[in-house]
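Engineer: I'd like to ask some things about the structure below.
A short reminder: the numbers here are calculations on the coordinates, not readings from a lab. Because the structure is predicted, anything quoted here is derived from the model rather than measured. Reconstructed Cβ throughout: ideal geometry from the backbone, glycine too, with neighbour counts over all protein chains shown.
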Amino acid sequence: MKKGLLILSLVLLASVLVYGASGCSKQSAQSTGLGAGSAGPGAGSTEQGEQSGMPVPGSDVKDTGVVSGGNDAGTSSAKYTIEITSAGFSPNTLKVKIGDSVTFINKDSAKHWPASDVHPTHTLYPGTNIGTCFSGTEAEKAKMFDSCRALEQGESWSFTFNEKGKWGYHDHRAETLVGTIEVA
Ligand SMILES: [Cu+2]
């Protein structure tokens, strides 16, 4: 009796285990299959999308910050001042970077006219031509290394250098007053 019971219970237990195991494996296989077929990829991809999506906007924001910072660094141009006196330009040699701007200020009682070489046409600096001073548009004139007018005492004129090179200039009113701006 005891043996019979033990064996019976063992058999029952074994069958339960086997059924249970097979049932479990079937269920898991089915759920995996179903999952893979329907909800699985969707949920998985959604989860992945959310998981990878969450950091992406964050990193985008960070990237944007970095980029705008980089832009700031790129666009933050230096500003230089060159004084004009009866002795000429000071400093008369200057090294700047592309995008930097230079303000010429007339500290003299006489008028001065900073302009690209070569006198009298002023065509050394790209896009510059003294003729355009009188016939060109404001946009064209803005690109010219030429004040296009004689600066009064205390008056200033600013120009942004967007062309690489070593640019000689002079005072169109007194062409012996010269200087050089090197744009790197
Ligand atoms: Cu000139």
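Engineer: Can you give me the number of residues within the stretch 105-144 that are in contact (Cβ under 8 Å) with a residue 40 or more places away in the chain, out of contact with any strand residue (DSSP E or B) (no Cβ under 7 Å at 6 or more places or on another chain) and aromatic (Phe, Trp, Tyr)?
Structural biologist: Result for the stretch 105-144: 0.
Engineer: Please work out which one of (1) within 13 Å of the ligand (Cβ to nearest atom); (2) of a type outside the set (Lys, Arg); (3) over 25 Å from residue 95 (Cβ atoms) is the condition residue 137 fails and give its number.
Structural biologist: Residue 137 satisfies all of (1) within 13 Å of the ligand (Cβ to nearest atom); (2) of a type outside the set (Lys, Arg); (3) over 25 Å from residue 95 (Cβ atoms) except (1).
Engineer: Find the strands (runs of 3 or more DSSP E) located wholly in the stretch 72-123 whose residues include 1 or more that are surrounded by 18 or more Cβ atoms within 10 Å (Cβ to Cβ) and among the aliphatic types (A, V, I, L, M), and list them. Show your work before the answer.
Structural biologist: Numbers: elements: 79-85, 88-90, 93-96, 101-106, 114-116.
Qualifying strands (runs of 3 or more DSSP E): 79-85, 93-96, 101-106, 114-116.
Engineer: Which condition number does residue 178 fail, the rest of (1) within 13 Å of the ligand (Cβ to nearest atom); (2) assigned to a loop (DSSP other than H, G, I, E, B); (3) of a type in the set (Val, Ile, Thr) being met?
Structural biologist: (2)
Engineer: Could you tell me which residue of the stretch 140-175 is nearest to residue 110 (Cα to Cα), considering only residues that are aliphatic (A, V, I, L, M) and away from the ligand (no atom under 12 Å from the Cβ)?
Structural biologist: Among those residues, the one meeting the criterion is 151.
Engineer: If only one of 184, 150 is within 9 Å of residue 114 (Cα to Cα) and among the small types (Gly, Ala, Ser), which one is it? It would help to see each step written out before you state the result.
Structural biologist: On the way: 184 fails: within 9 Å of residue 114 (Cα to Cα).
Just one listed residue meets the conditions, 150.
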